[in-house]
Amino acid sequence: MDPRSSQYAYYLVPGADQSTAADLAARTPIAILANTPAIQAIHDPGSGLTAANFFGEGTVSTISADTPCSVLLRDVDGTPHLTVAEPTRAAETVTVSVSPCGSPHPSPSPCTSVTPTGPATHRL
């Protein structure tokens with residue numbers, strides 16, 4: 001199999017045998033939001049987690065980013081928790097916009113607030 005220029009998805013389940021991995025895949029409703037060269041993203045409704053890797057500027061679901069980065073968005077009791085990483089540390093700034101109400105809003109939206117928690121760090 002040559003996956004180059006193809007689409008595929010898989011779970012990483014350290015320590016699981018084939019039976020355990022197959023069972024997990026059959027009962028876990030992970031939604032693949034994007035699986036393109038520009039964005040790879042999933043949503044796990046069971047945990048409320050959305051995870052996205054942006055390889056450039058883009059938008060998936062309610063998350064937009066202006067530069068390559070990794071984003072985790074988790075709903076905890078109705079409050080969005082956002083984590084952003086820019087592993088190359090090449091970007092001077094990273095702008096991530098989130099519309100947790102389910103539709104895009106100009107930033108700042110009535111659905112979000114940003115609280116500075118340190119230099120170049122913000123918590124949503």
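The values are calculated or read from the model by the stated rules, or taken from the named source; none is laboratory data. Source: prediction; values computed, not measured. FYI the Cβ positions are ideal-geometry reconstructions off the backbone, even for glycines, and counts take in every protein chain you see. Ligands, DNA and RNA are stripped out before the accessible areas are found, and what is left, the full protein with its side chains, is counted by its heavy atoms. Shrake-Rupley method; radii C 1.70, N 1.55, O 1.52, S 1.80 Å.
Name the residues in the range 64-73 that are out of contact with any Leu (no Cβ under 6 Å at 6 or more places or on another chain), of a type in the set (A, V, I, L, M, F, W, C) and surrounded by 18 or more Cβ atoms within 10 Å (Cβ to Cβ), would you?
65, 69, 71
What are the residues in the range 39-50 that are open to solvent by 50 Å² or more (accessible area, probe 1.4 Å) and either outside any strand (DSSP E or B) or touching a residue at least 40 places away in the same chain (Cβ under 8 Å) (or both), if any?
45, 46
Only one of 114, 84, 76 is surrounded by 15 or more Cβ atoms within 10 Å (Cβ to Cβ), aliphatic (A, V, I, L, M) and modelled with pLDDT of 50 or more. Can you tell me which? Steps first, please.
On the way: 114 fails: surrounded by 15 or more Cβ atoms within 10 Å (Cβ to Cβ); 76 fails: surrounded by 15 or more Cβ atoms within 10 Å (Cβ to Cβ).
After applying the criteria, what remains is 84.
Among residues belonging to the range 28-38 that are assigned to a strand (DSSP E or B) and over 13 Å from residue 73 (Cβ atoms), point out the one that is least open to solvent (accessible area, probe 1.4 Å).
By that ranking, first place goes to 34.
Considering only the range 59-97, how many residues are among the polar types (S, T, N, Q) and assigned to a loop (DSSP other than H, G, I, E, B)?
Total meeting the criteria: 6.
For every residue, the table says whether it meets (1) touching a His at 6+ places or on another chain (Cβ under 9 Å); (2) closer than 21 Å to residue 30 by Cβ; (3) not β-branched (Val, Ile, Thr).
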{"residue": "50", "(1), (2), (3)": "yes, yes, no"}
{"residue": "54", "(1), (2), (3)": "no, yes, yes"}
{"residue": "59", "(1), (2), (3)": "no, yes, no"}
{"residue": "73", "(1), (2), (3)": "yes, yes, yes"}
